[in-house]
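**Q** Here it is, the structure, as C-alpha cells.
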Amino acid sequence: MTMPKIKFPVFLSVALLAATPVFAVEPQAIDPQHQVATLDSVVAVVNDDVITRHELDEKMLSVVAQLRKQGIPLPEQAVLEKQILERMITDMLQAQFARENGVRVDDTQLDMAMTRIAQQNNFPSLAEFVARLEKEGVDVKKFREEMRVELLSTQLRKREVESKLVISDIEVDNYLVNREKMGSGTTEYHLAHILVVVPEQASADRIGVARERADQALAKLLGGADFSQVAAGFSDAKDALNGGDLGWRPGERIPPLFMNELQQLQSGQHTAVLRSPSGFHILKLIEKRSGNSVPVVIVETHARHILIKTSEIVSADEAKKQILEIKQRIEGGADFAEQAKRYSQDGSAQQGGNLDWMSPGQTVPEFEEMMNSLAVGAIGMVQTQFGWHLVQVLERRNTDVSEQQKRQQARISIGSFKSEEMYQDWLRQLRDRAFVEYHLEEEE
C-alpha cells in the first residue's frame, strides 16, 4: 500500500529535509577529499561559539538534497557554501540572544508543535506521526532540533519585532487608496523573489556593496540563469533555499511599490532591481489569476444577561440555584433589566445587563452557543468560566462587514511587509553587534 505524502508548513518542510539522512545526496555533492581534510576545522567564530567544517558540510548535504528534491539547479559550490554559512551564523546569533534573554522552546512546546503537524496530516497520535517519520528514514532527533530553531526564531520575531509594530489609520487609508487606484484587490499573484538586505542607517559604502550584489544577481538572470538557482545563491530572504518562492499572494497583500512593477510583467518575467526600505529586490511573476470579491455578511446579536459568579464562597450549584430563581421571577412578570441591576455581578448590571450588538467570536464559546440557540425574546441559562448566566436575545440582524474586513485585511498586509522589514533590520543589527570571524579562506 502506498503511504500518503505528509504535508508540512514551509519552514517544517525545510526542517524535515534538513533532518533526512545524508545518503539521500550523491557523494559528488561535496568534494570528499576537501571534507576529510578539514573535517574538524573551524569555519567561523561567532562571539563565544564556533561553527565547524563538519557542521557546515552536514548542512550543505541537507540543503543540496532539498534543492534537488525541488528541482532547483545548484548554485556554484562556493556561492552556496557562503550562503549557508551566513544562515548558520544568523541562527547561532538568535540562539545566543535567546539564551541571554531567557527565551526558550522547551520539549513540551516542541511536542505541541509536532502534534499540530500530526493532526494536520490526519495522524491519530503524535506517536504514529513519529513512527511514520522514522519509517521514511528521517532522523527524528535532528528534525526536532530544526523545529526548535524555527520556533525560537518565531518567538524572537514576535517579541522583538511584531510586539512593537504600530499601524496607523492613516497608513490603512493610504494603502486602500493606492489599492483602489491599481484595481488589483481581487487578483492573486504567484511570486518568487530575491532580496539583498540593506540595514537601516547603512553607510553609502554598505549600500553600494548590497546594490552590486543585487546587480550581479540580475546579470545572471539576464544571462539566462534559472531564477530559483540565483535566489538560492544570492538572496538573504529565508525562502532563498526554496528558490525564493513566495507562493500565491492576493493583490492587497503586495506593497504598492511592487504592484506597480508586477502589473507590467507577463508570466515568467522578472523585474529589474527594486529598492525598498529593507534592501534591493528582484521579483518574478510566475503566474496570476483572478479572484472574486463577494460581500462579507455576518449575523450580529443584541442580547442582555445576568451573571452570578462562582467563587470559593459561591459554588457552581449555588450560582445555578440563584440564576434559576431569577429566571422564574422574570417568567412570572419581573422586569429583566431591574433584576440585572439588582443581582448581576457583571459590569453591564447598571445598563440592565445590556451587552449591545455582538459579532461572532466576541464572547466565550459556551455563551455564544447558548445565545445563538435562542429565538428572539427567549431566555436561557448557561454556565461559563465566569459563573452562571441568564441570557435573553433582544434582536438579530445581518450586517455587511466588507468594509471592516477590507480595512482589517489592509492592516494585516501592511503589518506583513513592515514586520519583514523590521525583522531583517533587527537581524542585521544583531549581526553588527556581534564578533564574527571567518576561516573559510584559510582552508583554500
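**Q** Out of the residues in segment 30-60 that are of a type in the set (A, V, I, L, M, F, W, C), modelled with pLDDT under 90 and part of a helix (DSSP H, G or I), state the one that is surrounded by the fewest Cβ atoms within 10 Å (Cβ to Cβ). Working first, answer last.
**A** As a first pass, look at segment 30-60 and keep what is of a type in the set (A, V, I, L, M, F, W, C): 30, 36-37, 39, 42-46, 50-51, 56, 60.
Checking which are modelled with pLDDT under 90 leaves us with 30, 36-37, 39.
From the residues that got through so far, the ones that are part of a helix (DSSP H, G or I) too are 36-37.
Details: V36: 8, A37: 11.
Out of the qualifying residues, it is V36.
**Q** Check whether at least one residue in segment 410-423 is part of a strand (DSSP E or B), in the same structural domain as S278 (by TED's automatic domain parsing) and either touching a residue at least 12 places away in the same chain (Cβ under 8 Å) or among the hydrophobic types (A, V, I, L, M, F, W, C) (or both), and report yes or no.
**A** Our first condition is that a residue be part of a strand (DSSP E or B); within segment 410-423, this holds for none.
No, that holds for no residue.
**Q** While we're looking at this one, here's another question. Could you tell me whether Q155 is among the polar types (S, T, N, Q) and at pLDDT 85 or above?
**A** Values: among the polar types (S, T, N, Q): yes; at pLDDT 85 or above: yes.
So Q155 fits the description; yes.
**Q** So which residues in segment 255-279 are closer than 19 Å to R289 by Cβ and either out of contact with any strand residue (DSSP E or B) (no Cβ under 8 Å at 6 or more places or on another chain) or in a loop (DSSP other than H, G, I, E, B) (or both)?
**A** M259, Q263, Q264, L265, Q266, S267, G268, Q269
**Q** Can you tell me which residues in segment 136-152 are acidic (D, E), buried (at least 16 other Cβ atoms within 10 Å of the Cβ) and not in a helix (DSSP H, G or I)?
**A** D139
**Q** For segment 64-92: of the residues being assigned to a helix (DSSP H, G or I) and among the small types (G, A, S), which is nearest to M147 (Cα to Cα)?
**A** Out of the qualifying residues, it is A65.
Results for (1) surrounded by 10 or more Cβ atoms within 10 Å (Cβ to Cβ); (2) under 20 Å from G380 (Cα atoms), shown as yes or no for each residue.
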{"position": "V297", "(1), (2)": "yes, no"}
{"position": "E300", "(1), (2)": "yes, yes"}
{"position": "R304", "(1), (2)": "yes, yes"}
{"position": "I308", "(1), (2)": "yes, yes"}
{"position": "E312", "(1), (2)": "no, no"}
{"position": "E318", "(1), (2)": "yes, yes"}
{"position": "Q322", "(1), (2)": "yes, yes"}
{"position": "E325", "(1), (2)": "yes, yes"}
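**Q** Restricting attention to segment 315-347, report how many residues are more than 46 Å from the chain's Cα centre (by Cα), farther than 13 Å from R304 by Cβ and touching a residue at least 40 places away in the same chain (Cβ under 8 Å).
**A** Summing the residues that are more than 46 Å from the chain's Cα centre (by Cα), farther than 13 Å from R304 by Cβ and touching a residue at least 40 places away in the same chain (Cβ under 8 Å) in segment 315-347 gives 4.
**Q** On to the next question. List pairs: first in segment 117-144 and on the phi > 0 side of the Ramachandran plot, second small (G, A, S), Cβ under 8 Å, 6+ apart or cross-chain?
**A** Within 8 Å, the pairs are G137/A24.
**Q** Also, quick follow-up: In segment 226-257, which residue that is within 18 Å of the chain's Cα centre (by Cα) and closer than 19 Å to K406 by Cα is modelled with the lowest pLDDT?
**A** Kept after step one, since they are within 18 Å of the chain's Cα centre (by Cα), are these residues of segment 226-257: 236-242, 244-250, 252-255.
Still in the running and closer than 19 Å to K406 by Cα: 248-250, 252-255.
On the way: W248: 86, R249: 84, P250: 80, E252: 73, R253: 76, I254: 83, P255: 81.
Only one residue tops the list, namely E252.
**Q** What number goes with the only condition from (1) out of contact with any helix residue (DSSP H, G or I) (no Cβ under 8 Å at 6 or more places or on another chain); (2) part of a helix (DSSP H, G or I); (3) closer than 30 Å to I254 by Cα that T399 does not pass?
**A** (2)
**Q** Taking R289 and the conditions (1) basic (K, R); (2) modelled with pLDDT of 95 or more; (3) in the same structural domain as Q409 (by TED's automatic domain parsing), which numbered condition does it fall short on, given that it satisfies the others?
**A** With (1) basic (K, R); (2) modelled with pLDDT of 95 or more; (3) in the same structural domain as Q409 (by TED's automatic domain parsing) applied to R289, the lone miss is (2).
**Q** Within segment 425-444, can you find the residues that are in a helix (DSSP H, G or I) and modelled with pLDDT of 85 or more? Working first, answer last.
**A** Restricting attention to segment 425-444, the residues satisfying the condition of being in a helix (DSSP H, G or I) are 425-433, 440-443.
Hits for segment 425-444 are D425, W426, L427, R428, Q429, L430, R431, D432, R433.
**Q** Can I ask one more? Scan segment 360-396 for residues that are without any contact (Cβ under 8 Å) to a residue 40 or more places away in the chain, of a type in the set (A, V, I, L, M, F, W, C) and in a strand (DSSP E or B) and jot them down.
**A** Once the filter is applied, which keeps residues that are without any contact (Cβ under 8 Å) to a residue 40 or more places away in the chain, of a type in the set (A, V, I, L, M, F, W, C) and in a strand (DSSP E or B), segment 360-396 yields only V382.
The values are calculated or read from the model by the stated rules, or taken from the named source; none is laboratory data. Just so you know, these numbers come straight off a predicted model, no measurement behind them. So basically every Cβ, Gly included, is an ideal-geometry build from the backbone, and we count neighbours across all protein chains shown.
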